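A.B. asks: The structure that follows is given in the form of structure tokens.
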Amino acid sequence: MAMPTPGDVAALIGADVTRVEQLSGGASSATFAVDAVKADGRLWPLILQCAATGSVPEGGLPRADQARLQQLAFAAGLPVAEVVRVLEPGDRLGEGFIMARLPGEALAPKWLKSPDFAPARTVLTRQCAEVLARLHAMPLNAAAGLALPSGSTAQSLERMFANYRRFGVDSPVFDLAFAWLRERVVDRPAGHIVHGDFRSGNLLVAPDGLVAVLDWELAHLGDGHEDLGWLCCNSWRFGVWDKPVGGFGERDALYAAYEAAGGGAVDRDRAHFWEVWGTLKWGIACLQLGDDHVSGRLRSVERAAIGRRVSEVELDLMHMLKFGSV
Amino acid sequence: MAEQIEATTLIEAVQLFLAELEPDLKGRRAFHAKVAQNALAIVARELAQDPQAREQALLAGVTGHGAPLDRQRAELCAQLRAGTMGQGTPGLVDALLEVAIAKCAVDNPRYATLKRLGRSATA
């Protein structure tokens, strides 16, 4: 994939572009900061996300549909970066879209610990609860036509188990956690639009509170409680373990604000079920990242080292199974 | 001293070398140099603490035999998948908690859950 020039991007959005700078990316996908200027002279900061066609993982959400879901969320008034342009095959930049670049801090360890963000931390639990409540209250037919992956809870659990078994690793802790989940799984049909990666690392935060929810690429149809559980997984607290909601809040406050904002009644056992699930899911993601190195797909000291984070997950899972929570 | 240059000495020497390189590195390579130093620290702790021996002994307490670690793990996983073992299996949860503590103390001794259990390196 060639680096897009300012002229390429200008043609896509119909405005002058003064700068295109790659922020991150590898062989198959990349993120660029774009500085554009509107016809009236106002600066127009944008983000271009694109991926080589076909790079969407099997069962994943095509980027064009991710962009459309973001547009739907934006139109519903949720804090989301407005999508400006969805890439088309004729644009020759692969799959992707251009969206507003909003001011804020995306590095969770910074906004979780810096005194400047103390006011944000006092309101974030309520703000996250409101976003999730409103997202989960959206009717499923709002997303009709989008290729959102879907499946019952039991089907998703078996998919996750098959994914674990792909790596040929025997982790008694992971298998005990799977057994624990299987005993408790209630086979609900997919009833909500789920963000799928709603965690502190995907929140853009200003000193006074939430600016935007990022990274909608794992969105799917499922049980809304999944987002509540995932937000509370210990890995996203960045060491602030005594604040179970993302390192900044309390579960009781999250659930109360979610109910008050119209998200429906929160079933605590079900939220805990999803927290165990999410912890295990992150552990399997660590196996996957370690396997990038072991398999030779992406040989890197960083991937190899992430594989050792499996033991953090195993410890959290055992803490939950022994003491009821982490 | 068994050897003049023991494995731990080599690890320290390579860590020193990586630290020397650091000022010349930028971006991804600087980050990877830090990750590499951390990876060597894991190796040093693993050599010192031998968590596999501890895991093998703890799992043997559940299976009731002293097979090598890989076979112990495979047997426990097979039983858990088959449902012939579970949370109620005597000693299983406590043994796996201790195994997890021993592994995490090697891989990330500063991890919050270790501190919480009073089992971090500094606790």
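A.B. asks: Scan A:Val194, A:Val213, A:Val205 and give me the residue that is under 24 Å from A:Leu102 (Cα atoms) and free of Cβ contacts under 8 Å to residues at least 60 places away in the same chain.
C.D. replies: A:Val194
A.B. asks: Which of (1) more than 13 Å from every other protein chain (Cβ to nearest Cβ); (2) farther than 25 Å from A:Arg182 by Cα; (3) in contact with a Gly (Cβ under 8 Å, 6 or more places away or on another chain) does A:Ala271 not meet, given it meets every other one?
C.D. replies: So the condition that A:Ala271 fails would be (2).
A quick yes/no check of all residues on (1) surrounded by 21 or more Cβ atoms within 10 Å (Cβ to Cβ); (2) of a type in the set (Val, Ile, Thr); (3) touching a strand residue (DSSP E or B) at 6+ places or on another chain (Cβ under 6 Å); (4) more than 14 Å from A:Asp175 (Cβ to Cβ):
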site	(1), (2), (3), (4)
B:Gly83	no, no, no, no
B:Thr89	no, yes, no, no
B:Leu96	yes, no, no, no
B:Cys104	yes, no, no, yes
B:Arg110	no, no, no, yes
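A.B. asks: Just checking, how many residues over region A:240-256 are among the hydrophobic types (A, V, I, L, M, F, W, C) and surrounded by fewer than 22 Cβ atoms within 10 Å (Cβ to Cβ)?
C.D. replies: Looking only at that region, the number is 4.
A.B. asks: Given the criteria in contact with a Ser or Thr (Cβ under 7 Å, 6 or more places away or on another chain), within 25 Å of A:Asp65 (Cα to Cα), surrounded by fewer than 16 Cβ atoms within 10 Å (Cβ to Cβ) and not assigned by TED's automatic domain parsing to the domain that holds A:Leu69, does A:Pro139 qualify?
C.D. replies: Taking the combined requirement at face value, the residue does not satisfy it.
A.B. asks: Please go through (1) surrounded by fewer than 21 Cβ atoms within 10 Å (Cβ to Cβ); (2) away from chain B (no Cβ under 12 Å); (3) assigned to a helix (DSSP H, G or I) for A:Gly296 and return the number of the only condition it doesn't satisfy.
C.D. replies: Condition (3) is where A:Gly296 drops out.
A.B. asks: Can you confirm whether A:Asp215 is at pLDDT below 95, of a type outside the set (Gly, Ala, Ser), under 25 Å from A:Lys113 (Cα atoms) and in the same structural domain as A:Thr153 (by TED's automatic domain parsing)?
C.D. replies: yes
A.B. asks: Residues that are of a type in the set (Val, Ile, Thr), at least 3 per element: which helices (runs of 4 or more DSSP H) completely within region A:79-198 meet that?
C.D. replies: Output list reads A:118-137.
A.B. asks: OK, next. Using the structure shown, decide if B:Gly118 is more than 7 Å from chain A (Cβ to nearest Cβ), over 20 Å from B:Asn38 (Cα atoms) and either over 18 Å from the mean Cα position of the chain (by Cα) or surrounded by 19 or more Cβ atoms within 10 Å (Cβ to Cβ) (or both).
C.D. replies: It is false that B:Gly118 is more than 7 Å from chain A (Cβ to nearest Cβ), over 20 Å from B:Asn38 (Cα atoms) and either over 18 Å from the mean Cα position of the chain (by Cα) or surrounded by 19 or more Cβ atoms within 10 Å (Cβ to Cβ) (or both).
A.B. asks: Go through the residues of region A:58-65 one by one and say whether even a single one is at pLDDT 90 or above and under 18 Å from A:Asp8 (Cα atoms).
C.D. replies: No, because not a single residue in region A:58-65 is at pLDDT 90 or above and under 18 Å from A:Asp8 (Cα atoms).
A.B. asks: Under the condition of being buried (at least 19 other Cβ atoms within 10 Å of the Cβ) and under 18 Å from the mean Cα position of the chain (by Cα), which residue from region A:80-97 is modelled with the lowest pLDDT?
C.D. replies: A:Gly96
A.B. asks: From the set of residues in region B:96-109 that are out of contact with any Asp or Glu (no Cβ under 9 Å at 6 or more places or on another chain) and more than 8 Å from chain A (Cβ to nearest Cβ), which is nearest to A:Gly247 (Cα to Cα)?
C.D. replies: Here the answer is B:Pro109.
A.B. asks: Checking A:Ala100 against (1) loosely packed, with under 15 Cβ neighbours inside 10 Å; (2) among the hydrophobic types (A, V, I, L, M, F, W, C); (3) under 30 Å from A:Pro62 (Cα atoms), which single condition isn't satisfied?
C.D. replies: (1)
A.B. asks: Give me the pairs: first residue in region B:73-86 and facing chain A (nearest Cβ under 7 Å), second residue polar (S, T, N, Q) and surrounded by fewer than 21 Cβ atoms within 10 Å (Cβ to Cβ), beta-carbon distance under 8 Å, and six or more apart or on different chains, which are they?
C.D. replies: These pairs meet every condition: B:Leu76/B:Thr63.
Let's see how each residue does on (1) assigned to a helix (DSSP H, G or I); (2) surrounded by fewer than 17 Cβ atoms within 10 Å (Cβ to Cβ):
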site	(1), (2)
B:Thr9	yes, yes
B:Phe17	yes, yes
B:His32	yes, no
B:Gln52	yes, yes
B:Gly61	yes, yes
B:Ala67	no, yes
B:Glu75	yes, no
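A.B. asks: Limited to region A:299-326, what total is found for residues that are in a loop (DSSP other than H, G, I, E, B) and free of Cβ contacts under 8 Å to residues at least 12 places away in the same chain?
C.D. replies: 3
A.B. asks: Kindly evaluate A:Ala33 against the criterion of being touching a Lys or Arg at 6+ places or on another chain (Cβ under 7 Å), surrounded by fewer than 20 Cβ atoms within 10 Å (Cβ to Cβ) and either modelled with pLDDT of 95 or more or outside the structural domain of A:Asp197 (by TED's automatic domain parsing) (or both).
C.D. replies: The answer is yes for A:Ala33.
A.B. asks: Let me ask you something else. Exactly one of these conditions fails for A:Phe117: (1) within 14 Å of another protein chain (Cβ to nearest Cβ); (2) more than 20 Å from the chain's Cα centre (by Cα); (3) touching a residue at least 40 places away in the same chain (Cβ under 8 Å). Give me its number.
C.D. replies: Of the numbered conditions (1) within 14 Å of another protein chain (Cβ to nearest Cβ); (2) more than 20 Å from the chain's Cα centre (by Cα); (3) touching a residue at least 40 places away in the same chain (Cβ under 8 Å), the odd one out for A:Phe117 is (1).
A.B. asks: When you go through (1) crowded, with 16+ Cβ neighbours inside 10 Å; (2) more than 9 Å from every other protein chain (Cβ to nearest Cβ); (3) within 28 Å of B:Val35 (Cβ to Cβ) one by one for B:Gln56, which number turns out not to apply?
C.D. replies: All conditions pass for B:Gln56, except number (3).
The values are calculated or read from the model by the stated rules, or taken from the named source; none is laboratory data. In this text the structure is predicted, and so the values were computed from the model without any measurement. Backbone-built Cβ (ideal geometry, glycine too); neighbour counts: all protein chains shown.
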